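K.L.:
Below is one structure. I have some questions about it.
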Amino acid sequence: MKAVTWRGRRKTEVVTVPDPRIVDPTDAVIQVTTTGLCGSDLHLYEVLGPFLDAGDILGHEPMGVVAEVGHEARELKAGDRVVVPFNVSCGTCFMCRRGLHSQCETTQVHEHGSGASLFGYTKLYGQVPGGQAEYLRVPFADTLPIRVPEGPPDERFVYLSDVLPTAWQAVVYADVPRGGSVAVLGLGPIGDMCTRVAAHRGAGQVIGIDLVPERLARLPDALASALMKEAGVDKLGALKLAIELVRRGGTISLSGVYGGAADPLPLLTMFDKQIQLRMGQANVHRWVDDLLPLLTDGDPVGVEGFATHHLPLDEAPRAYADFQKKRDNMVKVLFHPDTRAAAA
């Protein structure tokens, strides 16, 4: 099969690799029909090379059709249409039963003190082959894949893998009261979706903050009355800006990926303002019951048309470079291993 592989800093390559196979009797193998390029993939592209090996398969936002299931899998059959969450979570351990799938005890990477394994995301998170490929081995076939209905296009459902639950959790953690205000710092795919989710959940004022005009222009008509600003926003700077902006007694919900030790935070200010801070990887399965109705009964948050680029898998190296450089108005990319899907 073809797969997008890491080859070094700022270098990816689409190569032919062995097809995945059933390893455990509870596994499934899916044929990937659509798979996303995530902002956090750029961390692999840029700085996390020490935790990758040349040839590692990237990607953690796939959906597709079940090609094969292990003999102990009972809930899926060949031909089922599924989305695969980016957390590799068993669904049955203490953490998963409490909705903390990103902390799955079965797949925690104890060697590195990390939480649940992730598809396509370095040795720190299990070095599990990712979903930017024609096929993907999926463990825990009875509890991990999310079965979705036939009919609507892939773009209606693919964001269940990461973008939608990450944005939903971020807004829920922010605890925005109905009619209240929320500021979203950074309008990449997750930030953009956060503005939509916040408006859908009843926020009275949604403030989008970004330096890239094309990102600001993407805010949908439903947010036309939102105050839009341009401000310096990048990584730790965004967190410090959030601490300055949040009202006293307010909540900061942190969904960005912060690798390694960060500079000291202004703890005195945080304490004085009585700030609440919530963070963590999205627990995808925790939010499926909330999100599926949004995708099967209309499209209130605008997932169809959310992607700016639909590309065949062979164009992944160029897409990584363009996304990293913010070229060609690129905000969200979906790859289609079947090139016919890209043209649809």
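The values are calculated or read from the model by the stated rules, or taken from the named source; none is laboratory data. Because the structure is a prediction, the values reported are computed rather than measured. Ideal geometry is used to build each Cβ from the backbone, glycine not excepted, and the neighbour counts take in all protein chains shown. Side chains included, ligands, DNA and RNA excluded: accessible areas come from the protein's heavy atoms. Shrake-Rupley method; radii C 1.70, N 1.55, O 1.52, S 1.80 Å.
K.L.:
Hey, any idea what % of the chain's accessible area is carbon plus sulfur with a 1.4 Å probe?
P.N.:
Taking all protein chains in place, the chain shows 50 percent carbon and sulfur surface.
K.L.:
For segment 126-133, in order, what is each residue's ³J(HN,Hα) by Karplus, 6.51 cos²θ - 1.76 cosθ + 1.60 with θ = phi - 60°, in whole Hz (x at glycine and Pro)?
P.N.:
After applying 6.51 cos²θ - 1.76 cosθ + 1.60, I find x, 6, 7, x, x, x, 8, 7 Hz.
K.L.:
Hey, can you find the accessible area per residue of the chain for me, probe 1.4 Å, expressed in square angstrom?
P.N.:
45 Å²
K.L.:
Under 5 Å between amide H atoms, partner at least 5 residues away or on a different chain: which partners does ASN87 have, H built in plane at 1.01 Å?
P.N.:
Residues meeting the amide H criterion: VAL284.
K.L.:
Antiparallel versus total DSSP beta bridges in the chain: what percent is that, nearest 5?
P.N.:
65 percent
K.L.:
Skipping prolines and chain starts, which residues have an amide H placed within reach, meaning under 5 Å, of the one on VAL14, given they are 5 or more residues away or on another chain?
P.N.:
Those lying under 5 Å, H to H, from VAL14 are THR5.
K.L.:
Lys and Arg at +1, Asp and Glu at -1: add these up for the other residues within a Cβ distance under 11 Å of PRO139 and post the number.
P.N.:
-2
K.L.:
All other residues with a Cβ under 12 Å from the Cβ of SER255 taken together, and with Lys, Arg as +1 and Asp, Glu as -1, what is their net charge?
P.N.:
Within the 12 Å Cβ shell, the charges total 0.
K.L.:
Also, quick follow-up: What does the C-alpha gyration tensor say about the overall shape of segment 78-171? Classify as rounded when a/c is under 1.5, otherwise prolate if a/b is larger than b/c, or oblate.
P.N.:
Prolate.
K.L.:
To continue, here is another question. In whole Hz, with x marking every Gly and Pro, tabulate ³J(HN,Hα) for segment 90-98 from phi via Karplus 6.51 cos²θ - 1.76 cosθ + 1.60, θ = phi - 60°.
P.N.:
6, x, 10, 6, 4, 5, 4, 5, 9
K.L.:
Amide H neighbours of ALA183 under 5 Å, at least 5 residues apart or on other chains, H built in the peptide plane: list them.
P.N.:
It is ILE207, by chain and number.
K.L.:
Further question: Pop out the Kirkwood hydrodynamic radius of the chain from its pairwise C-alpha distances, inverse of mean 1/r, in Å to one decimal.
P.N.:
20.5 Å
K.L.:
Cross-link list LYS2/LYS332; LYS11/LYS240; LYS11/LYS326; LYS2/LYS326; LYS273/LYS325: which exceed 28 angstrom alpha carbon to alpha carbon?
P.N.:
In this structure, LYS11/LYS240; LYS273/LYS325 exceed 28 Å between Cα atoms.
K.L.:
Another question about this same structure. Take the alpha-carbon centre of segment 1-76, take the same for segment 141-171, and report the distance between them in whole Å.
P.N.:
Taking the Cα centre of each part, segment 1-76 and segment 141-171 sit 17 Å apart.
K.L.:
Given the -39500 (n - 2.57) contribution per DSSP H run of 4+ residues, what per-residue ellipticity at 222 nm results for the chain, rounded to the nearest 500 deg cm²/dmol?
P.N.:
It comes out at -6000 deg cm²/dmol, rounded to the nearest 500.
K.L.:
Does segment 106-223 come out rounded, prolate or oblate, given a ≥ b ≥ c as the square roots of the eigenvalues of its C-alpha gyration tensor, rounded meaning a/c under 1.5 and, failing that, prolate meaning a/b above b/c?
P.N.:
In terms of gyration-tensor shape, prolate.
K.L.:
Turning to a different aspect of this structure: Give the aspartates and glutamates whose C-alpha is closer than 18 Å to that of LYS77, dropping any in the same chain fewer than 8 places away, or say none.
P.N.:
Leaving aside aspartates and glutamates fewer than 8 places away in the same chain, those within reach of LYS77 are ASP24, ASP27, GLU68, ASP142, GLU150.
K.L.:
What's the local net charge at THR5, with K and R +1, D and E -1, over the other residues with C-beta under 12 Å away?
P.N.:
Every neighbour counted, the sum reads 0.
K.L.:
If you don't mind, another one. GNM on the chain, C-alpha springs below 10 Å: top fluctuator among PRO266, PRO300, PRO20?
P.N.:
Top of the fluctuation ranking is PRO266.
K.L.:
Checking a compactness column here: for segment 6-107, what do you get for Rg(Cα) / (2.2 N^0.38 Å), N being the number of residues?
P.N.:
It is 1.22.
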